[in-house]
Amino acid sequence: MARVAKVGLSYFPVDVDIFEDDKIQFVSAKFGVKGEGVLFRLLAKIYRNGYYIEFDEDVQLLFSKHCGLERNDNVTINVVEELLRRGFFDKDIFERFSVLTSKGIQKRYVKICKDSKRILDNILPKYDLIREDCPIIREDSPIKRRKSTQSKEKKSKEEK
C-alpha cells in the first residue's frame, strides 16, 4: 500500500539575518519576543499546511491559546496586522480570503518541493502570487528520472 502524500513541509529555511529585516524589526520593537514568537509560530503553521493558512477569529483564538497567550491578549492579531501593514503577508489576499501567505512564502515552498523532488500541488489560482515568477509543477506531470544503470535482464550463473 502506498504511503499517503505528506501535506506541507517538515522544515522551512530561515535566513540568519531575518532579524535585520525592517518588517521583523518593527514587530520586535512593538511586541518584543512575544511578537517574534508569534511570527515564527505563524510561519511554522503556514509551512506545515503548505504555503498558506486561513486565519479567521476562531483560528486566531486557538492559535493564541496554543502560543500560551491570554484570551484577552491581542498580541497575535496585532502582530498579524503589523505584518500585513509592512507587507510581510499579502494584504489583498488576507482582506479578500482571510488567508495569510506571501510571495516569499510561496517561492520558498515551491523551491523546497522541487529540491526534495516532491510532487507539488498546484498553488490555488486565487492565492497565487508567483505565477509569472516560477513554473508550477503539475500533480499530473511525471517526475523526470534518470535512466537506471541497473540491468533488468536475468542472467543465470550457468551462462557465465
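The values are calculated or read from the model by the stated rules, or taken from the named source; none is laboratory data. Predicted, not measured: the structure shown is a model, and the values here were computed from it. Backbone-built Cβ (ideal geometry, glycine too); neighbour counts: all protein chains shown. With ligands, DNA and RNA removed, areas are computed over all heavy atoms of the protein, side chains included. Shrake-Rupley method; radii C 1.70, N 1.55, O 1.52, S 1.80 Å.
Values as computed for the structure displayed
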{"item": "The stretch 78-102: number of residues that are among the basic types (Lys, Arg) and surrounded by 14 or more Cβ atoms within 10 Å (Cβ to Cβ)", "result": "2"}
{"item": "Residues of the stretch 105-118 that turn out to be under 24 Å from ILE93 (Cβ atoms), open to solvent by 30 Å² or more (accessible area, probe 1.4 Å) and either touching an Asp or Glu at 6+ places or on another chain (Cβ under 8 Å) or not charged (D, E, K, R) (or both), as a count", "result": "1"}
{"item": "Residues satisfying the stated conditions in the stretch 119-133, i.e. modelled with pLDDT under 85, over 13 Å from the mean Cα position of the chain (by Cα) and open to solvent by less than 80 Å² (accessible area, probe 1.4 Å)", "result": "ASN122, LEU124, ASP133"}
{"item": "Qualifying residues in the stretch 28-53 (those that are β-branched (Val, Ile, Thr) and under 13 Å from THR76 (Cα atoms)) - the one farthest from the chain's Cα centre (by Cα)", "result": "VAL33"}
{"item": "VAL14 being within 27 Å of LYS107 (Cα to Cα) and within 13 Å of the chain's Cα centre (by Cα)", "result": "yes"}
{"item": "Answer from LEU84, LEU62 - the residue that is over 16 Å from the mean Cα position of the chain (by Cα), modelled with pLDDT under 90 and aliphatic (A, V, I, L, M)", "result": "LEU62"}
{"item": "Selection count, the stretch 65-78, where residues are out of contact with any Cys (no Cβ under 9 Å at 6 or more places or on another chain) and either at pLDDT 95 or above or of a type in the set (S, T, N, Q) (or both)", "result": "3"}
{"item": "Output for the stretch 35-77, where each listed residue is open to solvent by 30 Å² or more (accessible area, probe 1.4 Å), under 25 Å from ARG108 (Cα atoms) and either in contact (Cβ under 8 Å) with a residue 40 or more places away in the chain or not in a helix (DSSP H, G or I) (or both)", "result": "ARG48, ASN49, TYR52, GLU54, ASP56, CYS67"}
{"item": "Conditions (1) open to solvent by less than 50 Å² (accessible area, probe 1.4 Å); (2) closer than 25 Å to SER98 by Cβ: number failed by PHE26", "result": "(1)"}
